[in-house]
Each structure stands twice: as C-alpha cells, then as structure tokens.
Amino acid sequence: MAVYSKTILLKDTNLAQEDRTRDFYTNFLQKLEESSLSELVQVVRVSDIGVYNKGVVIKIMPDNIMYANLKDSDIPRIINTTIKEGKPLDDLELKRTGRQLRIVLRNCGMIDPENIRDYIGVDGYLALKKVLLESTPEKVIEEMKKSGLRGRGGAGFPTWMKWKFARAIAADEKYVICNGDEGDPGAYMDRSVLEGDPHSVIEGMIIAAFAIGATKGYFYIRAEYPLAVERIQKAIEDARTCGLLGQNILGSQFNFDVEVRLGAGAFVCGEETALIASIEGKRGTPRPRPPYPSVKGLWGKPTVINNVETLANIPYIFLKGGDHFAKAGTATSKGTKVFAVTGKVRNSGLVEVPMGITLREIVYDICGGTSSGKQLKAVQTGGPSGGVIPAEYLDTPVDYDNLQKLGSIMGSGGMIIMDEDDCLVDIAKFYLGFCVEESCGKCSPCRIGGTQMLRVLERITEGKGRIEDLDMLRRIAFAMQKASLCALGQTAANPVLSTVRYFEAEYKEHIVNKKCPSHKCSKLASYMIIQDKCKKCGLCQKHCPAGAIPGSREEGYTIKQDRCVKCGQCFEVCKFKAISKE
Amino acid sequence: MEEKAVSIEIKNLVEKWKGKEGNLIMILHEIQNHHGYVPRDISLKLSEMLDVPLARIYEVITFYNYFKLSPPGKHRISVCMGTACYLKGAPSLIEEIKDLLDVEEGKTTKDGLFHLDVVRCLGCCGLSPVLMIDDKVYGKVKKAEIADILAKHGKEG
Ligand SMILES: Cc1cc2nc3c(=O)[nH]c(=O)nc-3n(C[C@H](O)[C@H](O)[C@H](O)COP(=O)(O)O)c2cc1C
Ligand code: SF4
Ligand code: SF4
Ligand code: FES
C-alpha cells in the first residue's frame, strides 16, 4: 500500500448541475503525474464534503485547507503552491462562515473511547492533575466564573454559582450527579459524548467534586442507551485502576468515587428533584424548590447536578484557562453549544458551534438547507419545553437570552428543521401530547391543564375548532406556567404558545376555513380523483374502507365526499398520482 | 418458575446490591434484563428479602415506562416516535404494523411472535424514520417495506 503524504477530497457541491468532477479529477491526476507526485498525493471523490453550492470543492488533508469554485485552470497553481510548498492560495480558499468549533466534541471520533491511554494521550486528566495538585476549590470556582460556562441541560444556570452554593454548605457528605437522562425526543448530543469521550465527562465530574467537596458521584443515564452505559462503566473502572478515582487521587488528599444508576423511561426524571428521587429508588416525582439540590439534594445532602455536555467542557476550561474559554460566544453566553440538527434538513447530524452564530449559518452553511429543497418554515429548539422560531428570525444570533426573547429556549440542543409541508398546529399537538403523557400527575395545573389543552388542539386539527379556542389555549397556558410544580408543567405550553404567536393565521385557517394549509391534518383534507390522470384501474375502490368510491373500470371512479372518512388510503395506493389531497 | 430457582436468583441480586441505598430500581433492571419483564412471584420474593411492602415495589414498577409486568413477545418491535421520526412519517409506520400484525401499541400478537412498542428517540435521528426489531435498527423505513422487514424476523421464528 502506498503511503500518501496528502489526501485530497473532491466534490462538486452544486447539486443541480451535472457532476463536473470527472474531468477535474482526471485533469488533476494527470497534472500530479506530470509533477511526479502521484505516488504521494491521493485524490478521492467523496459524496459529501460538508459545504454546499460552492462549485467544485477540494479539501486538502492533513493541512485542512479548503478551496471552492475551482476551475481546471486552477490545478497547476494548487499543485505548485499548496501541494509542493505547503502555502495556501488566498483567492481560492473557502472562507467558512459555517464555522464550527469543537470543544465538547474535541475527542469524539478521534480517540478510542474504550482506551484510557488514548484519552491521556490527548492531555486527558491533565486538567485534573493541575487542579488537584496546584489549585484550591475556591480558585477552581473562580476560574469557572471567568469561563462564564452556563448549564447545557436546558435552563442555562451559571455553573460556578451552583458549585459555590453547594461549597458554602457544611455537610459530612456531598454529591455530584451527572444528568445523562437526555429526555428531549429527537436529540442525542449527550449520548454521543458519553459514547465517544466518556473520560472527559468523568474528569469534569471529579473537578466539580473537588470544587464542592463531594466524596461520591452518580451517573444517571437512560437505560435506552446501553452502549453509553457500558462505556461509562468501563471508563470508571479504568480510571479507578489508574488511581484517578478512589482514595488519594493522584497522590492528593482528595477521595472521590462514582457509580452508575439507570433511568427507566420517564422524561420527568430529567428534572433535578425527580432525578434525585429516582436515584433514591423511588417514583420520579418532583418536589417544590427551594430548597434547591445544591442545598438539600440526594439523601438530603448538598448536591450538584450537571448535564453531560456541561461536564465535558470543564477539562478544556482548566487546560486552556477560563479567559480563553470565554473568548468564544456572546456577552452572556460563552463557549460553544452542540446541536442535534434533524428533521427536514439535508445534512442531519451533530454540530458544535460557538454561541452567537446565527440560525441561518447553522441551517444553510453547515447543514445545507432543507432536504426537500422547499422553503424553510420554522426551526424548533428546546424540544417539548421550547418553541418554534419562524424563518424571519433566522439571522438571530443563537444564545440563551436571544432564544428566550423569541419565545423558545436553548434547551439541551435539539434543533428540528421544518419546511412548508409541516403543519405547526400538528407540531404543537405532538409536543404537548408528549408532555401530557410524561406528566407525573402530581400537580393539577400540569395534569389537567395539559390534557384540556390537548383536547382543544385535537378538535382544531379535526375541523371542530371554535374561534374562542385560541384564547382558551392562551389562558390555560398561563395557568400552567404560573402554577405548575416543576418545569415540565411550567414549560409544557411553550410549543403551543410560540406557534400561536407566530402562526396564528395557520390556526385560524384550521378553525375558520377548516383547512390545513400544509395538508398534514388528514381530517381536514378532501380527496378527489383527477379524471385526466385516472387510468381506471380501480385500486382505490378496492382499498376504500368506507365504500366512498363508486364506479367501474368502464365508467371510471369518483369519490363521494359525504361517505369519505378521510383515511387517505386511496391517495396512497394510487399508482398514477390521480388522487388529489387538498 | 421453580420456587428454589427464584430464591437463589433474588438472593444473589440482593446480596450484590445490599448496602447500596436506592437499590430497588437497579435490582428491577437486572430482573427485567433477565426475564424480559418483572414477574409477580419475583416481586413477592423481593418484597420479603428487602423487607419493603409489595405496594412500594409496584409503585415503582408502574411509574417507569421501562418496566413491564407481562412477558414480551418473541421479537420486540420498537418504532421511534421522537420528533424527527414523527416529522418523517413514523405514525404511518405504526398504523401499518398494527394493520399487518393485528396488534395494539404496548401489546403482543396472539401468536406471541411480536411485541409492538412505541418509543422516544433511538438516538439515530439522521436515519429517521427509524424502527428497531430486537437489536437490529432499520433506518429511512418506508411504509411499503414493513411487510418484508416483519417477514424476515417472522421466519426466524
Ligand atoms: C422535565 C425536565 C426534563 C429535563 N431533562 C433533562 C435532561 O434530559 N438532561 C439534562 O441534562 N437536564 C434536563 N433537565 C434540566 C435539569 O433539571 C437540570 O437543570 C440540569 O441537569 C442541570 O444541569 P446544568 O446546569 O449542567 O444544565 C430537565 C428539566 C426538566 C424540567
Ligand atoms: S408540573 Fe407536571 S411533571 Fe411537574 S410535578 Fe406537576 S404534574 Fe408532575
Ligand atoms: S380517503 Fe379513504 S374513505 Fe375517503 S375515498 Fe379515499 S379511501 Fe375512501
Ligand atoms: S427521533 Fe427517531 S431516532 Fe431520534
């Protein structure tokens, strides 16, 4: 096998046009041959290079230089300047607005997560060593304050403050809990970190424990993530063997050990007081706060609960310094955020971006726009506790405060892209339905309010809505926000409120005209046979469960609207697209 | 199940988790992993050995979706209804499975071959809509492919 000193990835990023890489590729190979470099440089055509609509693009590895909008005539320059002399060509270089910055995901995919030596090889546990041997808990908290790190689990509470509160209380035992319950359906940031870089989370946890004076830690991980559990368990054992957990860690006076506890499929257990109840082996029902867990938490002792991503940031902060960390981000939100971008997006996946980047950059520059090529309608962040952000606000810089102003939240990192085909009333119903199912039932604003609201939404999507319903939704939402015991109930109405706020016209269309503009709500659709396209095969008649399609192969078919139950079967089975749905 | 086997199994479990506070949920996880559900006679035994009322154990089992009280089917179908999968048409997959197998959500088919569960996010949203049969994940599933997928697992018996 040849050993190449450079690899060049090649891709034509304009979808609409014909793939022009074939000529470019042969040309490139030929020029390399002429310069007798073909033994040293490998050219690979790839199916995705991470940028879109920038013509022919190459990425030169390991230099990580990217050139865009290339023409055949650029090839000699690239070979002479960049490949031979290692110098970049400014005019060709792709100025990446889609800037990604990897802090949390710095090691994911780069190291073997099951090998502690790999982690140590990339300065793993070096931050811990610095902290244990050269620092004090007070200084650690001070450094965290400088970093400006806020919790990545949803609420965005400053991490240093949480630690300070727990530190301030004298107790014989204190605890650190890593919240790996990842309840937002459609998000998997924490899973990726637990599976891809378990030691960084453990290291962050030990530093947190040192700061508050804890002796014991727990990982609370959802049982649905067996691989994450396995990796963390292995990582804990390896860390113990290396003297990084247990008594006198790294020869210091500090003792700390961790255990894993499994979640059991209850969204509310992501809420900190419910999570504590669950670790205590009880039903996961929340209790009123205050007292906050940092004062009275697990077994009544001061407890710090931090999210997986929050903890994974911490070793980096102590390696590079709080000030350095705070360089990325906005005035109130520092560092990066990992998002799981899914839904109707071309390049679905995890992205880590500096705070302050715009939604447009995330959706278009990094993720390539909508998968359908249709107009983007809205972006949802924050999962069932968040809200939708309509396309007009795509240029908003992403940080905790801006998203809140728009009626959504940062949340834990779920980001769902919706296009014209998605009905926002239906989406609101989906999220609310989730919260209703997951409500623990302890307090009535959440239990009853949620159910009533869901009923109203159901009737709207079935064409039985009344115009007063919009007001009713707002009133129930208000009651739930103000009176629910925990944040599940307090935020459950957010998806409804934000869709009513930005898409009131769409609600009205459902209520007044009994139409769903995106044709999603099947109860509001009407099906019709387009006679010009109908080949009289009779398949629809066979499948109609309501006998609403009279006719024969000779006469053709029609749909009797008064008998149709709007099941959509005919629309789906017709092979000639001869049935319209409006 | 034989009385004796039950006690030995439980004894080992209780031994392993003894002295660890809040152990009940972890013990239940191990029982469910082993049996696929939490059988009543085991709960009874557990109540004796841990010295907690049976009601306390059932209170916990019934709160958490993950724990089951009846034996699962031979093959477990989990259809993801997380947001990404919902947007990409998961509801129609569920309808199709219900139709083909004549089974409801959370229930097992009459022949005991398949159990249908609707779950939240399997963590591979990029492949949505996703369904999983036992340990095998199927991504970008189309409604028309369901019959074939089920047949493949059905044949293995
Ligand atoms: C209903 C509900 C679900 C939650 N789910 C999670 C979760 O899955 N993961 C998480 O880290 N935080 C979750 N949280 C937030 C936690 O209560 C808590 O704020 C967080 O773990 C604190 O860690 P941080 O400060 O590092 O963000 C949830 C909160 C609520 C109200
Ligand atoms: S708000 Fe909902 S989830 Fe929270 S305590 Fe009340 S009923 Fe339970
Ligand atoms: S939508 Fe259903 S009920 Fe209506 S005509 Fe088509 S198949 Fe028949
Ligand atoms: S939403 Fe289905 S896998 Fe995430």
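The phi-based Karplus calculation (6.51 cos²θ - 1.76 cosθ + 1.60; θ = phi - 60°) puts the 3J(HN,Hα) values of region B:8-25 at 5, 4, 5, 4, 4, 5, 4, 4, 4, 9, 4, x, 9, 5, x, 7, 3, 5 Hz, whole numbers, x for Gly and Pro. Once the Cβ-Cβ distance of B:GLU15 and A:HIS324 is raised to the sixth power relative to R0 = 41 Å, the FRET efficiency obtained is 0.25. Neighbours of A:LEU454 by Cβ distance under 13 Å: Lys/Arg scored +1, Asp/Glu scored -1, total -2. PRE reach from B:LYS152 (point 7 Å along Cα→Cβ): which of region B:112-140 fall under 15 Å by backbone N? B:130-140, by backbone N distance to the label point.
Based on C-alpha pairs under 8 angstrom that are at least 6 apart in sequence, chain A has a relative contact order of 11 percent. Applying a DSSP loop filter and a limit of 16 other Cβ atoms within 10 Å to the trypsin sites (Lys or Arg not before Pro) in region A:336-377 leaves A:LYS374.
3J(HN,Hα) couplings calculated from phi for region A:566-572 with the Karplus curve 6.51 cos²θ - 1.76 cosθ + 1.60 (θ = phi - 60°) are, in sequence order, 6, 7, x, 4, 4, 4, 6 Hz; Gly and Pro show x. Cross-link reach is defined here as a Cα-Cα straight distance under 22 Å, omitting same-chain residues fewer than 8 places apart; for A:LYS174 the lysines meeting it are A:LYS129, A:LYS139, A:LYS145, A:LYS162, A:LYS164, A:LYS216, A:LYS282, A:LYS296, A:LYS301, B:LYS18, B:LYS20. Ignoring GluC sites (Glu not before Pro) that are buried or in helix or strand per DSSP, and keeping those with at most 10 other beta carbon atoms within 10 Å, what is the longest stretch of chain B between them? Here the longest segment lacking exposed loop sites spans B:3-103. Taking the helices alone, chain A has a mean residue ellipticity at 222 nm of -10000 deg cm²/dmol, built from -39,500 (n - 2.57) per DSSP H run of at least 4 residues and averaged over all its residues.
Return the percentage of antiparallel bridges among DSSP beta bridges fully within the protein assembly as shown, rounded to the nearest 5 %. In the protein assembly as shown, approximately 55 percent of DSSP beta bridges are antiparallel ones. Take A:LYS6 and A:LYS535, extend 7 Å from each Cα along the Cα→Cβ direction, and tell me the distance between the two endpoints in nm. If labels sit at A:LYS6 and A:LYS535, their model points lie 5.4 nm apart.
Projecting the Cα positions of A:ILE409, A:GLN375, A:MET355 onto the charge dipole of region A:336-419 (unit charges on Cβ atoms of Lys, Arg, Asp and Glu, taken about the Cα centre) puts A:GLN375 furthest along the positive direction.
Kindly provide the trypsin sites (Lys or Arg not before Pro) of region A:203-312 that DSSP labels as loop, not H, G, I, E or B, and whose Cβ sees at most 14 other Cβ atoms within 10 Å. When the trypsin sites (Lys or Arg not before Pro) of region A:203-312 are filtered for loop state and at most 14 Cβ neighbours within 10 Å, nothing remains.
Across region A:180-194, computed HN-Hα scalar couplings (Karplus, 6.51 cos²θ - 1.76 cosθ + 1.60, θ = phi - 60°) run x, 7, 5, x, 4, x, x, 9, 8, 5, 5, 4, 5, 6, 4 Hz from first to last residue, x flagging Gly and Pro.
Lysine pairs in region A:441-517 whose alpha-carbon atoms fall under 22 angstrom of each other, counting only those eight or more residues apart or on distinct chains, come to 4.
Ranked from largest, the principal axis spans of the Cα set of chain A equal 90, 77, 39 Å.
Within a straight-line Cα-Cα reach of under 28 Å, A:LYS536 can be paired with the following lysines, leaving aside sequence neighbours fewer than 8 residues apart in one chain: A:LYS520, A:LYS523, A:LYS560, A:LYS566, A:LYS575, A:LYS577, A:LYS581, B:LYS142, B:LYS143.
Using only the Cα atoms of region B:3-63, build the gyration tensor, take square roots of its eigenvalues as a ≥ b ≥ c, and label the shape rounded, prolate or oblate: rounded if a/c is under 1.5, else prolate if a/b is larger than b/c, else oblate. Taking the square roots of the gyration eigenvalues as a ≥ b ≥ c, region B:3-63 is rounded. Computed about its Cα centre, the charge dipole of chain A is approximately 1540 debye, with only Lys, Arg, Asp and Glu carrying charge at their Cβ. Other residues within the sphere of radius under 12 Å centred on the Cβ of A:ARG475, judged by their own Cβ, net out at -1 (K and R +1, D and E -1). Using only Cα atoms, locate the centre of region A:168-198 and the centre of region B:1-56, then give the distance between them in Å, rounded to an integer. Measuring centre to centre over Cα atoms gives 27 Å. Shown is the FRET efficiency for A:GLU114 and A:SER252, computed with R0 = 41 Å from the Cβ-Cβ distance and rounded to the nearest 0.05: 0.95. In terms of its alpha-carbon gyration tensor, region A:424-511 comes out prolate; a/c meets the 1.5 threshold, and the first ratio a/b outweighs b/c.
Between amide H atoms placed 1.01 Å from N, distances below 5 Å from A:ARG261 occur with A:PHE219, A:TYR220, A:ILE221, all of them 5 or more places distant or on a separate chain. Starting from the Cα gyration tensor of region A:6-85, take the square roots of the eigenvalues, sort them a ≥ b ≥ c, and report rounded, prolate or oblate (rounded when a/c is under 1.5, otherwise prolate if a/b is larger than b/c, else oblate). Taking the square roots of the gyration eigenvalues as a ≥ b ≥ c, region A:6-85 is prolate. Each Lys and Arg contributes +1 and each Asp and Glu -1, all at the Cβ; summed about the Cα centre of region B:3-152, the dipole is approximately 280 debye. Determine which residues of region A:253-297 fall in the zone a paramagnetic label at B:ALA55 would reach in this model, i.e. backbone nitrogen under 12 Å from the point 7 Å along Cα→Cβ. Counting backbone N atoms under 12 Å from the label point, the list is empty.
Between A:ALA171 and A:THR136, the FRET efficiency from the beta-carbon distance, with R0 = 25 Å, is close to 0.85.
Quick note: the coordinates plus some simple rules give every number you see, no bench work behind them. Computed from a predicted model, the values in this text were never measured in an experiment. Reconstructed Cβ throughout: ideal geometry from the backbone, glycine too, with neighbour counts over all protein chains shown.
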